[in-house]
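Visitor: One structure, pasted below without further comment.
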Amino acid sequence: MKKPNRETHMTIKFLTAALGLSVAALATAGAQAQTAGTVKERGSLRCGVNTGLPGFASQNDQGEWQGLDVDYCRAVATAVLGDPQAVTFSPLSAVQRFPALQNNEIDLLARNTTWTMDRDTALGLDFAGVNYYDGQGFMVKNDLGVNSALELSGATVCVQSGTTTELNLADYFEANDMDYNPVVIESQSDVNSAYDSGRCDVLTTDASGLAASRLEMSNPDNHTILPEIISKEPLGPAVRQGDDQWADIVRWTHYALLNAEELGVNQGNVEEMKNSDNPDIRRLLGQDSNFGEPLGLPQDWAAQVISAVGNYGEIFERNIGVNTPLKIQRGQNALWTDGGLQYGMPVR
Amino acid sequence: MQEHANAYVSTKELPQLPAPRNDAGPIAVLRKNLFATPVDTILTLVCGLFIVWAIWNLFSFVWLDAVFEGADREACLVEGGGHGGACWAFVEAKLGQFVYGTYPSAERWRVDTVFLLLALLTAGLLIPNVPYKRINAILLFAVFPVVTLVLLTGGEFELAGGAIALVFVLAAAATLSAVGSVPRISLSRLEMRIATWLLLGAIALMLIAIVLDTPTFEILGFSFSLLTMLAFVATLGAIGLSMMVGFGSGQTTIKSMVAPLVIAALFIFAMTADFDLRYVPTNLWGGLMLTLVVALSGIAASLPFGVLLALGRRSHMPAVRLICVIFIEFWRGVPLITVLFMATFMLPLFMPEGVNFNSLLRALVGVALFASAYMAEVVRGGLQAIPKGQYEGADAMALSYWQKTRLIILPQALKIVIPGIVNTFIGLFKDTSLVYIIGLADLLGTVKRGFADPNWITPTTPATGLLFAAFVYWCFCFGMSRYSIFVERRLDTGHKR
């Protein structure tokens, strides 16, 4: 059995961290407050997104950006500028994203970025929340007859090289005392085609990626995504550290989207709901009190956001939900009231 | 005498017999070349079957099983699973993005205009029979880039006083050299010496203006600092003086005296005037358009810079040679990816706060410098292939260095290295796809981004998209290659070995 080479990955990780740190240090502590003011002055939000991740950030046939992360950019743009179209998208690769934020080339990084301690502290990022709870999962062919990842002992596993995915895989099989043969491949699309052509029994990557990978299979119905999630990958929008007001704006935009879903406020009924008797709804939509003021936002900012992009549930269903080709279940991303992890802090 | 001829001697020529059946005709050719021995026969059959199999598979993928129309991925999926043919509907739906990137639809006519101008001007320059080559070249290399810049971005640039002064410094230099080249005017005349000193002073003032802040004020909507204003005035003085000398001599035409000034003014007008074009930021550029912008500006910059660097490397002046060697070896020694990464991530760190270079511009400069170093070595190969006698002959004719280089050496050297030059161009054209990793979406980049659209994910989408991209690249590169062969034949004046 071949174990993935840990040393190489530690070196890569170290180099990445070193680059990030030096960037953070050189960017004169990055403490550029007043991001909100700059955005208003410029009249558009500069948002860093993935160059292409199905359901999170991609361009449709008209060339418009769409996806879960993209809708978060639009939500923040609506809160600050009142216009969901006032966004300049910067498609960023994985290595580009942190320098771009530190160099002040973008205002908001909504690029399926995992919230880790290292990034939150040493890299000088400030995460505003978790807009998608992801985690590494497994996909197998139906005819393998496997229903749980714990039955995968002795399996051949296709995995992308140089990612935390590969390390998590090694940890999981070691912790459960199972053997496996890794087939390590450079790019995710090559991993997919290797799995599809039968070079391995199991495909592993983040669960959201598995849903997209399944669509590339010659027969999607022949493949099952196993229920086990073996790592924590909380993805969320991030901003530069040192601008508390801006971080608060992004954070409360996220909570407003969650609260709207919890209170049943959606894109269609937001105007009616302004007349609701429910004090929670009235506070959220800025009917009685002005919660936008401390953030420097208009009184009805949350109502504007919801009428522009919908609540969290609508965003989810529109981009990655069961009615899209990706068919991702809410799972951990359901509201806390439905047994999920998404919990919006109260507006009061 | 005839009756003495032997009866068995033929009196007329016999008709030629056909060659033996075994030695001529298609069957004989086949037998000789493909089926001569049992091993040959087996190899022929195996290869033949492989070729037929490969072509058949390719044909059924791109044509027989292919899906040509459809609104989304459903159209390209095969009932019951399995791989289908090419999903051309995907390419059709995304074609606009593949060509223009995210350039706004309403403004795409601007890109079309640029494409059309480029096609017309290039065709005019490349086809030997088309007249007006000189005007055509001026249009293509001087006017077209400015028009393209204004059309694609929308123009209305805010030129600082320094930039304007720089343009006029160039104009002054052109006027000075035009007057200086008139036979009976020497650069050592008092007026000319004053003009030269004014020009040098203006350059010095502009260099100082970079580091020294002086009060700024607005003139005609342009913001000048005190120093750049002084530089500007000095430049105008230099131009005025040299024009005075030129006209005074009666040896110059009005055209050659006034042209630099007019061109400079026109240039500044074109850059700053409001043509009522919407501003399109470069982060919306993409697709084939971006590939062409990067490749063509790289090609256009690399040839002149490459020639200068090659000449510099063979120069007898130690400082020039050293600088050129260091430049060439540095840029040739680092991978293009590193250059692009450096330009994207490191450069902003060295810039003062608030100064932000356009990311496309950074990539363009990186690509141009990189390509120049390669081009320099190609051209140097040509320079070294010219026999010493040519240099000595030119020297014996008392030609100056630049006359010798321009009239004797370069025409021969460049002709020899046409294959190398075109090879570098083709390599550069394909290398432009590396800009994808710094977040610019060229042709390959937009195709790859298309794969992420959940509406189009199918098993065959990536293969189709990449096949399309490969075909477009191939068309351009093959076109360049054929044209280079044509030029080689045309310029082949008896050195064929």
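Read-outs throughout are calculated quantities, based only on the coordinates presented, and are distinct from any laboratory measurement. What you see is a predicted model, and the numbers here were worked out from it, not measured in a lab. Every residue, glycine as well, gets a Cβ built from its backbone with ideal geometry; the counts of neighbours run over all protein chains shown.
Visitor: Once the Cα gyration tensor of the stretch A:136-225 is found, what semi-axes does its equivalent ellipsoid get, as square roots of 5 times the eigenvalues, in whole Å, sorted largest first?
Guide: Details: eigenvalues 66, 47, 25 Å².
The answer is 18, 15, 11 Å, longest axis first.
Visitor: While we're here: Using amide H atoms built 1.01 Å from N in the peptide plane, name the residues 5+ places from A:LEU45, or on other chains, whose amide H lies under 5 Å from its own.
Guide: For A:LEU45, whose amide H was placed from the backbone, the distant partners under 5 Å are A:VAL87, A:THR88.
Visitor: Right, another one. Take the alpha carbon atoms of the stretch A:297-348, find their center, do the same for the stretch A:60-126, and report the distance between the two centers in whole angstrom.
Guide: The two parts, judged by their Cα centres, are 18 Å apart.
Visitor: Per residue of the stretch A:223-237, what does 6.51 cos²θ - 1.76 cosθ + 1.60 with θ = phi - 60° give for ³J(HN,Hα)? Whole Hz please, x for Gly and Pro, Karplus curve as stated.
Guide: 10, 10, 8, 6, x, 5, 10, 9, 8, 9, 10, x, 9, x, x
Visitor: Where the centre of each part is set by its Cα atoms, how far does the stretch A:198-245 sit from the stretch B:137-151, in angstrom?
Guide: 48 Å
Visitor: Using alpha carbon coordinates only, what is the Rg to Rh ratio of the protein assembly as shown, with Rh defined as the Kirkwood radius?
Guide: Details: Rg = 34.0 Å, Rh = 32.2 Å.
For the protein assembly as shown, the value is 1.06.
Visitor: What do you get for Rg/Rh of the stretch A:32-170 when both radii come from the Cα atoms and Rh is the Kirkwood radius? Provide the component values of the computation, followed by the final result.
Guide: Details: Rg = 18.5 Å, Rh = 17.3 Å.
With Rg and the Kirkwood Rh in hand, the quotient comes to 1.07.
Visitor: Please identify the helices of chain B, taking whole runs of DSSP H, that span at least 30 Å along their own axis as judged from the Cα atoms and have a mean Kyte-Doolittle score of 0.5 or higher. Intermediate values should be presented prior to the final figure.
Guide: Numbers: long enough: B:38-59 (31 Å, 1.77); B:190-211 (32 Å, 2.09); B:226-249 (35 Å, 1.83); B:287-313 (37 Å, 1.83); B:359-385 (40 Å, 1.16); B:461-491 (45 Å, 0.80).
Within chain B the helices that satisfy the rule are B:38-59, B:190-211, B:226-249, B:287-313, B:359-385, B:461-491.
Visitor: Just order A:95-104, B:398-407 by mean Cβ neighbour count inside 10 Å, highest at the front, would you?
Guide: Working: A:95-104: 23.0, B:398-407: 12.7.
Ranked by mean Cβ neighbours within 10 Å, highest first: A:95-104, B:398-407.
Visitor: Continuing with the same structure: Note down the relative contact order for chain B as a percent, whole number, built from C-alpha pairs under 8 angstrom at least six residues apart. Working shown, then result.
Guide: Values: 522 pairs, mean separation 83.8, N = 497.
So the answer I get is 17 percent.
Visitor: Per DSSP helix of 4 or more residues, -39500 (n - 2.57); summed, then divided by the residues of the protein assembly as shown. What does that give at 222 nm, rounded to the nearest 500? Write down the numbers at each step before the final one.
Guide: Values: 33 runs with 445 residues, N = 845.
Helix contribution divided over all residues of the protein assembly as shown: -17000 deg cm²/dmol.
Visitor: Just order A:184-193, B:305-314, B:321-330 by mean Cβ neighbour count inside 10 Å, highest at the front, would you?
Guide: Put in order of decreasing packing, that is B:305-314, A:184-193, B:321-330.
Visitor: Sort the following peptides by mean Cβ neighbour count (other Cβ atoms within 10 Å, averaged over residues), highest first: B:471-483, A:246-258, B:109-121, A:120-132. Don't skip to the answer; put the middle values down first.
Guide: Details: B:471-483: 13.7, A:246-258: 23.6, B:109-121: 15.3, A:120-132: 20.2.
Ranking the peptides B:471-483, A:246-258, B:109-121, A:120-132 by packing returns A:246-258, A:120-132, B:109-121, B:471-483.
Visitor: Roughly how many Å is it from the Cα centre of the stretch B:27-83 to that of the stretch B:267-313, as a whole number?
Guide: So the separation of the two Cα centres works out to 43 Å.
Visitor: Moving on. Please compute the contact order of the stretch B:161-272 in relative form: average sequence separation of alpha-carbon pairs under 8 Å and at least six residues apart, divided by the residue count, as a percent. Don't jump to the answer; show the numbers that get you there.
Guide: Values: 131 pairs, mean separation 45.2, N = 112.
This gives 40 percent for the stretch B:161-272.
Visitor: Stick to Cα atoms and the Kirkwood definition of Rh, then tell me Rg/Rh for the stretch B:1-64.
Guide: On the way: Rg = 24.7 Å, Rh = 16.5 Å.
Dividing the radius of gyration by the Kirkwood radius yields 1.50.
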